1. Kindly provide the set of residues from region 162-186 that are in contact with a strand residue (DSSP E or B) (Cβ under 6 Å, 6 or more places away or on another chain) and not in a loop (DSSP other than H, G, I, E, B), ordered by number.
2. Could you count how many residues in region 40-65 are within 15 Å of Lys11 (Cα to Cα), small (Gly, Ala, Ser) and assigned to a helix (DSSP H, G or I)?
3. Can you find even one residue in region 144-151 that is more than 18 Å from Val15 (Cα to Cα), surrounded by fewer than 20 Cβ atoms within 10 Å (Cβ to Cβ) and out of contact with any helix residue (DSSP H, G or I) (no Cβ under 7 Å at 6 or more places or on another chain)?
4. Have a look at Ser224, Ser269 and point out the one that is crowded, with 16+ Cβ neighbours inside 10 Å, at pLDDT below 90 and either of a type outside the set (Lys, Arg) or in contact with an Asp or Glu (Cβ under 9 Å, 6 or more places away or on another chain) (or both).
5. Considering Val195, Val188, which residue is touching a residue at least 40 places away in the same chain (Cβ under 8 Å), closer than 28 Å to Val57 by Cβ and open to solvent by less than 30 Å² (accessible area, probe 1.4 Å)?
6. Is it the case that some residue within region 201-209 is of a type outside the set (A, V, I, L, M, F, W, C), part of a strand (DSSP E or B) and in contact with an Asp or Glu (Cβ under 6 Å, 6 or more places away or on another chain)?
7. It is to be established whether one or more residues within region 224-234 are in contact (Cβ under 8 Å) with a residue 24 or more places away in the chain and more than 20 Å from Asn135 (Cβ to Cβ).
8. Would you say Leu154 is open to solvent by less than 60 Å² (accessible area, probe 1.4 Å) and modelled with pLDDT of 90 or more?
Amino acid sequence: MGSGSSGGVLKRERVRDHLLGLIETRHAGDAIPSERTLCAELGVSRPTLRSAVDELVATGLLVREHGRGMFVAPAKITQELSADDTAFVVPRASGAWSSRILERSTSQAGARIGRKLRVSPAAELIYIARLRLVNGAPMAIEHLHIPAELAPGLTPQELESGELYDHLREHHQVYVHEATQSIEPTVVNEAEASVLDVPVLSPALLIERLTLDTSGRPVEYVHSLYRGDRYRIVSRLALGTSSPHPRPQGHHPGIPPGDFAHDGIITSSTTGDAY
């Protein structure tokens, strides 16, 4: 893997973050600046910008209208699976996992990620882009953002060996407690395809996670691109039959409305399978 391929991934990451910032500060139907304006603002080529825009159109965050421009898409329907008063179980994914650092830098949080991590836009963050491998094969590209004050001595060696949360606990006294994670379908662009060793426009899973410590403080924001041909998410649902809780309202993924003939709750545990 040459430096050019990872450089393309990181450049598009900067463009994607800028576009998401625009989307999050606007309402559905609002226009965003033209491709020409954005290219000039960000100092990137039209193909680089268009690749990031195409991803956000494909994942339903932007709408492109011929002759009119680009607009913020309507909000998505969100379905949350959560346990009631038991621990949410997240078993480890299968396979032997390892990491390779693509980039590590320290920079200001900026408005968008600062809001997620509840820090000032001027606060310093550790940014890490790393390739995750399973049994030596590329599986995912991760983009991690961690407040610098939480782990000032975080080294590349820590990021490439073992589990990040173990290192945060053992060497930086940061104890992760819970996370909110979303999963959406997408496709890979040319630079990402080169890094992951898959064809351009191959299916992928876009996973975003905000992690909190035991005091409720955000300690990590990460979004990752997982190969759709090698990775899947499996949820185990417990459909309670004798719960005293009211029957849940709304639709549950994969379970047609009306399939609950009893009052009950859904609890779930999630694992990842690499194959």
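The values are calculated or read from the model by the stated rules, or taken from the named source; none is laboratory data. Source: prediction; values computed, not measured. No Cβ is skipped: glycine too gets one built from the backbone with ideal geometry, and neighbour counts run over all protein chains shown. Remember, those area values only see protein heavy atoms, side chains included, never the ligands or the DNA or RNA. Shrake-Rupley method; radii C 1.70, N 1.55, O 1.52, S 1.80 Å.
1. Result: Tyr165, Val176, His177, Glu178, Ala179, Thr180, Gln181, Ser182, Ile183, Glu184, Thr186.
2. Looking only at that region, the number is 3.
3. There is at least one residue in region 144-151 that is more than 18 Å from Val15 (Cα to Cα), surrounded by fewer than 20 Cβ atoms within 10 Å (Cβ to Cβ) and out of contact with any helix residue (DSSP H, G or I) (no Cβ under 7 Å at 6 or more places or on another chain).
4. Details: Ser224 fails: at pLDDT below 90.
Going through Ser224, Ser269 in turn, the sole match is Ser269.
5. Result of the check over Val195, Val188: Val195.
6. no
7. So far as region 224-234 goes, no, none of its residues is in contact (Cβ under 8 Å) with a residue 24 or more places away in the chain and more than 20 Å from Asn135 (Cβ to Cβ).
8. Numbers: open to solvent by less than 60 Å² (accessible area, probe 1.4 Å): yes; modelled with pLDDT of 90 or more: no.
Against the criterion (open to solvent by less than 60 Å² (accessible area, probe 1.4 Å) and modelled with pLDDT of 90 or more), Leu154 does not qualify.
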